[in-house]
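Student: One structure, as structure tokens, below. Some questions next.
The values are calculated or read from the model by the stated rules, or taken from the named source; none is laboratory data. These figures come from a predicted structure and were not determined experimentally. Methodologically, a virtual Cβ is constructed for each residue, glycine included, from the backbone with ideal geometry; neighbour enumeration extends over all protein chains shown.
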Amino acid sequence: MKAVGKWLLEHLFLPILLIILTPTIMLIASQVFTGDWARLFAATPLVVWVILAIILIPWAVYAIHHRIKHIPGENWSLKPLRLQPPEGWETINNIKHAGVIWQVRVPIRTSTFRGKEVPTLNDLDIEIPPRCPDCDTKLKQAKSFWWGHIWKCVKCGFRKRNRDDWFTEERSVILLAERWFEETHQPK
Ligand SMILES: [Zn+2]
């Protein structure tokens, strides 16, 4: 039952699409095959329409209601576990990607004997959340009701819609950061 519920929710647009498309397709089919826009409608027994309505309308209402109620909770459920280095992070670069700023950072590591250790490629980490391109404030993320995610700056009102959430974008940013690091830090 749970799997069925999940499938119904994940296909939120299906009932809405069916409600819109069924009459449209029937109108066109009626015109094409009978030369009369309304003939197929008239020929369809009422019971078919009633059954369709009984299935589709509650499905659409339920799916929309669920989405409105649960979207705020979903925004943080994706958060992966991130270890915090004991001496904190040092930002070594800013990368612009997907219209926002991502800080590239490395753990601060100091050794009693050798002083500060030089970071390697494996130390690179991308700060989450990314920052506002206009004022450098950390952004807020909200899943959009219709499509994608919305990143918002609480300080200056900057707003950007992005298909993927920032944990997904981060995987591209780390590749850019690694390439930048190779170009600037490693001997040719
Ligand atoms: Zn801003």
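Student: Pull out all pairs, ordered by first then second residue, where Cβ-Cβ is under 6 Å, the residues are six or more apart or on different chains, the first lies in segment 144-158 and is modelled with pLDDT of 95 or more, and the second is of a type in the set (D, E, K, R) and within 9 Å of the ligand (Cβ to nearest atom).
Tutor: Close Cβ pairs (under 6 Å, with a partner that is of a type in the set (D, E, K, R) and within 9 Å of the ligand (Cβ to nearest atom)) amount to C156/D134; F158/D134.
Student: Could you tell me how many of the residues in segment 115-131 are out of contact with any Lys or Arg (no Cβ under 7 Å at 6 or more places or on another chain) and within 16 Å of the ligand (Cβ to nearest atom)?
Tutor: 1
Student: Let me ask another. In this structure, is W102 within 12 Å of the ligand (Cβ to nearest atom), not hydroxyl-bearing (S, T, Y) and not in a loop (DSSP other than H, G, I, E, B)?
Tutor: So W102 fails the test.
Student: Given the criteria under 30 Å from A60 (Cβ atoms), surrounded by 14 or more Cβ atoms within 10 Å (Cβ to Cβ) and within 16 Å of the ligand (Cβ to nearest atom), does W151 qualify?
Tutor: Working: under 30 Å from A60 (Cβ atoms): yes; surrounded by 14 or more Cβ atoms within 10 Å (Cβ to Cβ): yes; within 16 Å of the ligand (Cβ to nearest atom): yes.
Yes, satisfied.
Student: Quickly run through segment 138-158 and pick out the residues that are outside any strand (DSSP E or B) and hydrophobic (A, V, I, L, M, F, W, C).
Tutor: The answer is L139, F145, W146, W147, C153, V154, C156, F158.
Student: Among the residues of segment 12-59, write down those that are loosely packed, with under 12 Cβ neighbours inside 10 Å and of a type in the set (S, T, Y).
Tutor: If the condition is that a residue be loosely packed, with under 12 Cβ neighbours inside 10 Å and of a type in the set (S, T, Y), then T24 is the only one that fits.
Student: Within segment 88-142, can you find the residues that are out of contact with any Gly (no Cβ under 6 Å at 6 or more places or on another chain), of a type in the set (V, I, T) and more than 18 Å from D164 (Cβ to Cβ)?
Tutor: Within segment 88-142, T91, I92, V104, V106, T110, T112, V118, T120, T137 meet the criteria.
Condition check ((1) among the acidic types (D, E); (2) out of contact with any helix residue (DSSP H, G or I) (no Cβ under 9 Å at 6 or more places or on another chain); (3) closer than 15 Å to V104 by Cβ) across all residues:
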{"position": "D136", "(1), (2), (3)": "yes, yes, yes"}
{"position": "R159", "(1), (2), (3)": "no, yes, no"}
{"position": "W180", "(1), (2), (3)": "no, yes, yes"}
{"position": "H185", "(1), (2), (3)": "no, no, yes"}
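Student: While we're on this one: Just checking, does segment 159-178 include any residue being surrounded by fewer than 16 Cβ atoms within 10 Å (Cβ to Cβ), within 14 Å of the ligand (Cβ to nearest atom) and more than 24 Å from L83 (Cα to Cα)?
Tutor: yes
Student: I'd like the residue in segment 139-148 that is surrounded by fewer than 17 Cβ atoms within 10 Å (Cβ to Cβ) and within 16 Å of the ligand (Cβ to nearest atom) and, out of all such residues, is nearest to I64 (Cα to Cα). It would help to see each step written out before you state the result.
Tutor: As a first pass, look at segment 139-148 and keep what is surrounded by fewer than 17 Cβ atoms within 10 Å (Cβ to Cβ): 140, 142, 144-148.
Then keep just the ones that are within 16 Å of the ligand (Cβ to nearest atom); that gives 140, 142.
On the way: K140: 23, A142: 17 Å.
It comes out as A142.
Student: Give me the pairs, please: first residue somewhere in segment 111-137 and under 21 Å from I174 (Cβ atoms), second residue anywhere and at pLDDT below 90 and within 16 Å of the ligand (Cβ to nearest atom), beta-carbon distance under 9 Å, and either six or more positions apart or on two chains.
Tutor: none
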